[in-house]
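Structure first, commentary second.
The values are calculated or read from the model by the stated rules, or taken from the named source; none is laboratory data. Because the structure is predicted, anything quoted here is derived from the model rather than measured. Every residue, glycine as well, gets a Cβ built from its backbone with ideal geometry; the counts of neighbours run over all protein chains shown. Remember, those area values only see protein heavy atoms, side chains included, never the ligands or the DNA or RNA. Shrake-Rupley method; radii C 1.70, N 1.55, O 1.52, S 1.80 Å.
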Number of protein chains: 2
Amino acid sequence: MKIAVNRNLLSANQERAAGNRRLFLRHGLRVVNVMSSPGAGKTTLLSKTAAYIAGRVPVAVLVGDISTETDAEKIRNAAPGVQAEQIVTEKYGSACRLDARMISEALPRLDLARARLLFIENVGNLVCPAGLYLGEDRRVVLLSVPEGDDKVIKYPVIFRDADCLLITKVDLAPACDFDAAKVRKEARAIKPSMEVLSISARTGEGLERWFHWLEERVTGTEKGGE
Amino acid sequence: MKIAVNRNLLSANQERAAGNRRLFLRHGLRVVNVMSSPGAGKTTLLSKTAAYIAGRVPVAVLVGDISTETDAEKIRNAAPGVQAEQIVTEKYGSACRLDARMISEALPRLDLARARLLFIENVGNLVCPAGLYLGEDRRVVLLSVPEGDDKVIKYPVIFRDADCLLITKVDLAPACDFDAAKVRKEARAIKPSMEVLSISARTGEGLERWFHWLEERVTGTEKGGE
C-alpha cells in the first residue's frame, strides 16, 4: 500500500518535472539543482556565485526552506538585480525536500525571459531530495569539510546522481580530519564522470574553477558536449 | 489521499512506539533519541559518552544509517563491552529516519537486561526524524558550529521537541561566525525548558556537563523530577 502510494507520487512528480523541463527548454534556460546537508554553505555559495556570474549570465534563484523566507532575501541583497524567490515547503506538507510541483508553482514568480541560468537551492537534507527530479539539467551536491569524509559512502544515493561535488569550507581543513583524496575517489567510484572541486566561499579558494565549470554548462562548451 | 496515508503511518508508528515504551519500562531502561544533520558529530559523541559512562551505567546503542554498518562498529571499538547494533534503514524503504518498527525489530539483538541506558542514534537528517516517536524518554539534538547559527529558526520542528541541545565542535568557533547566545535564546524561545550545552568531543570541552546531565536523567535526580 505504502509502496503503491510512493510510486504514484513519484510518477506524478516525473510528469510535473517533464512539464518544468519543457518550459526551461522553451526559454533556453539552464537549470542547476543544488543540494546538501543543512549548513554546508548553499546560500553563501549561491550569493557569491550569483553576484559574480550575473554580470555575464542573467541568473535567477529559487530557494527551498521549511518555514523561513530569509535566504532568497540574502541572495537578493548579495547580488542586486538577481531574481531570487523563496519556496516555503511546509505549506505543501512535505517539508523535507523540493518537488517538481513546488517548482512549477513558483516559476510564475520569476521573469524567465530575463534569465539564462536558474539555480534551485534544495532544502538542507542529504537524503530526501535525491529521489526527486525537478526538471533540472545538472545536480550539484555540496559536502562541507567539517561534516566528515565518510559521507559519500554513508549517503550514496544523492552523490550517485550528482554531476558536480563541491567540497566546501576547505579553509577549515587544518582543524578537521578530512581526506579530500578519499572523498574524490569514492565519489568517482559511484559516478566516474563526476567533477569534484574543493572550494571556500570564505577565502575565495577554488571559486574560479566552479564559476568556469558553470559557465561551460551554460554556454554548452564543456568537453563531450550534451 | 496522501494526508490520509501519512496519518495511518503516523498512527501505526505511535502504536509501535507505545509497545517499545512498555518494553523499556519493563526493563527499567532510560532511552535517549539522538538527532542531528549529517556530520554534526553524533557517532563521535556517543563513542566518547559510551566509553565514559559505561563504567557507571550499563549502556547500549542502536545506530541508524542508510546503507552502512560502520558506526556501530566504531562505537564498539571505542567503548569495548558496550552493546552497539546497526539498523540499516534502506532495507525498510524509508531511509531518511528511524521509526518505531525499526527499533522494535532491532531490540531483540540487544540484551536489555544488561543495559540501563539506551542511546538511539538517528539517521543524519534535521527534518524527517522530528515527527516520529520511537518510545524514548529524551530527545537530544546536536547542532555543530560550522552548520551556522540560523538552524534553530530554519528547522524549528526538530528543536521544538528536544530536551537538550548540544552545540558541538565549539573548537571550530574561532574559524566560524557562530553566535551561541543567539542560538540559546532562539532554542529557549521555542522550548523554555531546553538544556543547551556547548561541547567539543575533540578537546573534551563541556563533556563533563553533558555526562552529568545524562546521569541525572538515568538516576532520576534531575531538578523537577519526571
Using DSSP H assignments, which helices in chain A have an axial alpha-carbon span of 20 Å or above and a mean Kyte-Doolittle hydropathy of -1.0 or higher? A:2-26
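How big a patch of accessible area, both sides summed and in Å² to the nearest 100, lies buried between B and A at a 1.4 Å probe?
Values: alone 10770 and 10780 Å², together 18760 Å².
Chains B and A together bury roughly 2800 Å² of accessible area.
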Over segment B:128-226, relative contact order from alpha-carbon pairs under 8 Å, at least 6 apart, %: 25 percent
From the helices alone, meaning DSSP H stretches of at least four residues, give me the mean residue ellipticity at 222 nm for chain A, per-run term -39500 (n - 2.57), in deg cm²/dmol to the nearest 500. -11500 deg cm²/dmol
Just the C-alpha atoms of the protein assembly as shown: what Rg/Rh do they give, with Rh taken as the Kirkwood radius? 0.97
Report, as an integer, the average count of C-beta atoms from other chains found within 10 Å of each Cβ along B:35-45. 5
Teacher prompt: A:Glu208 distances to equivalent labels in other copies, 7 Å Cα→Cβ, nm: 5.0
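Per residue, what accessible area does the protein assembly as shown have, given a 1.4 Å probe and all protein chains present, in Å²?
Values: 18760 Å² over 452 residues.
Dividing the accessible area of the protein assembly as shown by its residue count gives 41 Å².
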For B:Lys91, counting only aspartates and glutamates whose alpha-carbon sits under 13 Å away and dropping same-chain residues fewer than eight positions off, the answer is B:Asp65, B:Glu69, B:Asp99, B:Glu105
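With a ≥ b ≥ c taken as the square roots of the eigenvalues of the C-alpha gyration tensor of chain A, please select rounded if a/c is under 1.5 and otherwise prolate if a/b is larger than b/c or oblate if it is not? Intermediate values should be presented prior to the final figure.
On the way: a/c = 1.42, a/b = 1.14, b/c = 1.24.
Taking the square roots of the gyration eigenvalues as a ≥ b ≥ c, chain A is rounded.
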Under a GNM of chain B (C-alpha, springs under 10 Å), which listed residue has the highest mean-square fluctuation: B:Asp179, B:Asp171, B:Asp137? B:Asp179
Segment B:118-226 - percent of accessible surface contributed by carbon and sulfur, probe 1.4 Å: 51 percent
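Shape call for segment B:91-219 from the C-alpha gyration tensor, a ≥ b ≥ c root eigenvalues: rounded (a/c under 1.5), prolate (a/b greater than b/c) or oblate? Each step should come with its number before you reach the end.
Numbers: a/c = 1.86, a/b = 1.44, b/c = 1.29.
It comes out prolate by the Cα gyration axes.
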Under 26 Å between alpha carbons, and skipping anything fewer than 8 positions from A:Lys182 in its own chain: which lysines qualify? A:Lys42, A:Lys151, A:Lys154, A:Lys169, A:Lys191, A:Lys223, B:Lys42, B:Lys48, B:Lys74, B:Lys169
Leaving ligands, DNA and RNA out of it, report the carbon-plus-sulfur percent of the accessible area of segment A:3-111 at a 1.4 Å probe. 50 percent
Here the cysteines of chain B lacking a cysteine partner under 4.7 Å (Cβ to Cβ) are B:Cys164, B:Cys176
Compactness index (Cα Rg / 2.2 N^0.38 Å), segment B:116-161: 1.22
To make sure I understand the rule: partners must be aspartates and glutamates, Cα under 19 Å from the Cα of B:Lys185, and not fewer than 8 residues away in the same chain. Which ones qualify? B:Glu147, B:Asp149, B:Asp150, B:Asp161, B:Asp163, B:Asp177, B:Glu195
Over chain B, with a Gaussian network built from C-alpha contacts below 10 Å, which listed residue (B:Leu117, B:Leu134, B:Leu25) shows the highest mean-square fluctuation? B:Leu25
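Report, as an integer, the average count of C-beta atoms from other chains found within 10 Å of each Cβ along B:120-129. Spell out each step's value before the answer.
Numbers: counts 0, 0, 0, 4, 10, 9, 9, 13, 6, 0.
Taking the mean over all residues of the peptide, I get 5.
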Classify segment A:1-113 as rounded, prolate or oblate, taking a ≥ b ≥ c as the square roots of the eigenvalues of its Cα gyration tensor: rounded when a/c is under 1.5, otherwise prolate if a/b is larger than b/c and oblate if not. oblate
Averaged over A:151-157, how many beta carbons belonging to a partner chain fall within 10 Å of each residue's beta carbon? 5
